[in-house]
Amino acid sequence: GENVEQHPSTLSVQEGDSAVIKCTYSDSASNYFPWYKQELGKRPQLIIDIRSNVGEKKDQRIAVTLNKTAKHFSLHITETQPEDSAVYFCAVYPYGNNRLAFGKGNQVVVIP
Amino acid sequence: NAGVTQTPKFQVLKTGQSMTLQCAQDMNHEYMSWYRQDPGMGLRLIHYSVGAGITDQGEVPNGYNVSRSTTEDFPLRLLSAAPSQTSVYFCASSYQGAPNEQFFGPGTRLTVL
């Protein structure tokens, strides 16, 4: 099956700084790459996604970049705020098998 | 719209007991799925369905059954609960399959003693 890895497992940043977390995958046929945010005790929610025909996508303070050759994509959060503290999961859709494969998550802590 | 709902929110079972976790959505989504979340393990797919009458296994299906008799409902059955099934269970749905936004329910926290 698809192997999805996230690094680093935990990231601490000062409020106002940028945070970058990376997700690597194994199946070169994958073509959909979402990021989900899960606050403590709550359900995961989609924050941004990208498809394989696009290299970068932005939505206000968050962005995702995709490198299909190297098989990795990254979540960028600029001007971090305390409410950005959460666990972030990347996922990968290997084309054709109708299921998402999630990574194990990155804990992001924003220090006020 | 209520979105995706799950019942119960919390459940404690004894080893060997059976139970059904309920999941319903009112968004007319064809694709529904069940995940379990364990500390440090991320979200692992148990079963999924692409429409009424169609189900398939995910990554960790052993010990669980599902059925999909209507578009709205996708119950997950634990046949004979084991301590290894202690976890938080999330149901999710999406409009057009896996490569689209998944809407998650609030989760069910299950403890098996």
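The numbers here are math on the coordinates, done by the rules we state, and not lab data. For clarity, every value in this text was computed on a predicted model and none was experimentally measured. Cβ coordinates were reconstructed from backbone atoms using ideal geometry, including for glycine residues, and neighbour counts include every protein chain displayed.
General remarks:
- Counting charges near residue B:78 (Lys, Arg +1; Asp, Glu -1) among other residues having Cβ under 13 Å from its Cβ returns a value of +3.
- Sequence-separation-based contact order of chain A, relative, with Cα cut under 8 Å and 6+ spacing, percent: 37 percent
- Applying a DSSP loop filter and a limit of 16 other Cβ atoms within 10 Å to the trypsin sites (Lys or Arg not before Pro) in the range A:17-79 leaves A:42, A:61, A:68, A:71.
- Taking Cα centre as origin and charging only the Cβ of basic (Lys, Arg, +1) and acidic (Asp, Glu, -1) residues, the dipole magnitude of the range A:1-59 rounds to 160 debye.
- Taken about its Cα centre, chain B carries a charge dipole of roughly 460 debye when the Cβ of each Lys and Arg holds +1 and the Cβ of each Asp and Glu holds -1.
- Cα centroid of the range A:12-38 to Cα centroid of the range B:53-113, whole Å: 25 Å
- Förster radius 25 Å - calculated FRET efficiency between residue A:76 and residue B:27 (Cβ-Cβ, nearest 0.05): 0.25
- A Cβ-based charge dipole, computed about the Cα centre of the protein assembly as shown with Lys and Arg at +1 and Asp and Glu at -1, lands at about 440 debye.
- Relative contact order for chain B, counting Cα pairs under 8 Å that sit 6 or more residues apart, in percent: 36 percent
- Global form of the protein assembly as shown, assessed from the alpha-carbon gyration tensor, a/c cut-off 1.5: prolate
- Cα shape, chain B, gyration tensor, a/c 1.5 rule: prolate
- Potential lengthening between residue B:15 and residue B:80 on full extension [0.36 nm per residue; Cα-Cα distance subtracted]: 22.7 nm
- Per-residue average of Cβ from other chains inside 10 Å of B:43-56: 2
- 10 Å beta-carbon shell around residue A:57, net charge (K/R +1, D/E -1): -1
- Between A:33, A:92, B:43, the Cα set farthest toward the positive side of the dipole of the protein assembly as shown (charges on each charged residue's Cβ, about the Cα centre) is that of B:43.
- Residues within the reach of a label modelled at residue A:107 (point 7 angstrom out along Cα to beta-carbon, backbone nitrogen below 16 Å), restricted to the range A:36-62, are A:38-42.
- Modelled label reach - residue A:29, point 7 Å along Cα→Cβ, the range A:79-100 residues with backbone N closer than 17 Å: A:92-100
- Shape of the range B:16-74, Cα gyration tensor, a/c cut at 1.5: prolate
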